[in-house]
Amino acid sequence: MSLQWHDFPSKDELDAALAAKIALDLNAAIAARGVASIAVSGGRTPAGLFKALSEQDVAWDKVVATLVDERWVPVEHADSNERTVRQNLLVGAASAIRFVSPVSSAATPHEGEAEIEARFAKIPAPFDVLILGMGDDGHTASLFPAASELEHACAATSRVAAVTPPVAPHKRITLTLPTIAQAREVIVHITGEGKKSLLQTAMTEHKAVTEQYPIRRVLDAVASNKHVFWTA
Ligand code: 6PG
């Protein structure tokens, strides 16, 4: 399946269109299987999307949600992705979503990995919708180039893996590449000319050249629908 690009003139128009698409996907999953599961991205980009999504007409009590990755910080920490989700998505009618937290009270994600794995084993698989961001180094989720745990996280049969980013702050917990790739629909949500250019380069260069870009490794492994939603 080829990568389908969707460009938008503004962030608000992208957020509205993507929220509507996700709502359709979730309601279709609920109609087909009685439940829907979604994994959303972290970082700063998705806050507006979460707000637009929370206002969609979805049977939210039948939706299970989590994050594709998380910084190993308390939920009240300013850098917590879960904090962004709770403040922008789990509001109004969408507060009925069953959110599965990717963090625990363990001192590190490596110590907490087994507990989070057990929690994620109860999430209906594969994910019906999975949203990915991308960093300026081509990382996605917390699959960071040059991380010592990268090859494990790209091959593991487990759902999650602990990662220590070489540069980015905080140790992380991330969905593994195989878990991401099995999702029924994968949507890359990015903004800015720089990220568009980086993603185009990662996707068009010879495979051997782009091995250092985890976003390429992930998208090459996705057999189902895969989209890019982008605005400048
Ligand atoms: C995180 C992420 C990460 C993020 C990209 C883009 O926890 O940082 O999940 O993969 O999606 O770094 O982040 P921005 O949206 O803030 O540019």
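The values are calculated or read from the model by the stated rules, or taken from the named source; none is laboratory data. Computed from a predicted model, the values in this text were never measured in an experiment. When we count neighbours, we look across all protein chains shown, and the Cβ atoms used for this are built from the backbone with ideal geometry, even at glycine.
Among the residues examined, Val100 does not qualify as surrounded by 21 or more Cβ atoms within 10 Å (Cβ to Cβ), at pLDDT 95 or above, in contact with a strand residue (DSSP E or B) (Cβ under 7 Å, 6 or more places away or on another chain) and of a type in the set (A, V, I, L, M). Considering only the range 128-136, I want to know if a residue exists there that is of a type outside the set (A, V, I, L, M, F, W, C) and away from the ligand (no atom under 14 Å from the Cβ). Yes, the range 128-136 contains at least one residue that is of a type outside the set (A, V, I, L, M, F, W, C) and away from the ligand (no atom under 14 Å from the Cβ). Taking the range 1-55 as the range and being part of a loop (DSSP other than H, G, I, E, B), closer than 25 Å to Glu70 by Cα and without any contact (Cβ under 8 Å) to a residue 60 or more places away in the chain as the test, the residues that pass are Arg44, Glu55. Within the range 58-91, the residues that satisfy the criterion of being more than 17 Å from Asp128 (Cβ to Cβ) and part of a loop (DSSP other than H, G, I, E, B) are Trp72, Val73, Pro74, Val75, Glu76, His77, Ala78, Asp79, Ser80, Leu90, Val91. Restricting the range 162-212 to residues that are small (Gly, Ala, Ser) and closer than 15 Å to Gly135 by Cβ, the residue that is nearest to the ligand (Cβ to nearest atom) is Ala168.
If you go through the range 164-201 and keep only what is small (Gly, Ala, Ser) and modelled with pLDDT of 95 or more, you end up with Ala181, Ala183, Gly192, Gly194, Ser197. Taking first residues from the range 57-77 that are of a type in the set (Ser, Thr, Tyr) and partners that are surrounded by 15 or more Cβ atoms within 10 Å (Cβ to Cβ) and part of a helix (DSSP H, G or I), the Cβ contacts under 8 Å between residues at least 6 apart in sequence or on separate chains come to Thr66/Phe120. Annotation: His77 fulfils all but one of (1) surrounded by fewer than 18 Cβ atoms within 10 Å (Cβ to Cβ); (2) more than 20 Å from Ala141 (Cβ to Cβ); (3) out of contact with any strand residue (DSSP E or B) (no Cβ under 6 Å at 6 or more places or on another chain); (4) modelled with pLDDT of 95 or more; the unmet one is (2). Residue check: His152 meets all listed conditions (1) touching a Phe, Trp or Tyr at 6+ places or on another chain (Cβ under 8 Å); (2) more than 16 Å from the ligand (Cβ to nearest atom) but one, namely (1).
Residues that are surrounded by 14 or more Cβ atoms within 10 Å (Cβ to Cβ) and either away from the ligand (no atom under 16 Å from the Cβ) or of a type in the set (Asp, Glu) (or both) within the range 29-47 comprise Ala29, Ile30, Val35, Ala36, Ser37, listed in sequence order. Val218 meets the conditions (1) part of a loop (DSSP other than H, G, I, E, B); (2) aliphatic (A, V, I, L, M); (3) under 26 Å from Asp25 (Cβ atoms) in every case but one. The failed one is (1).
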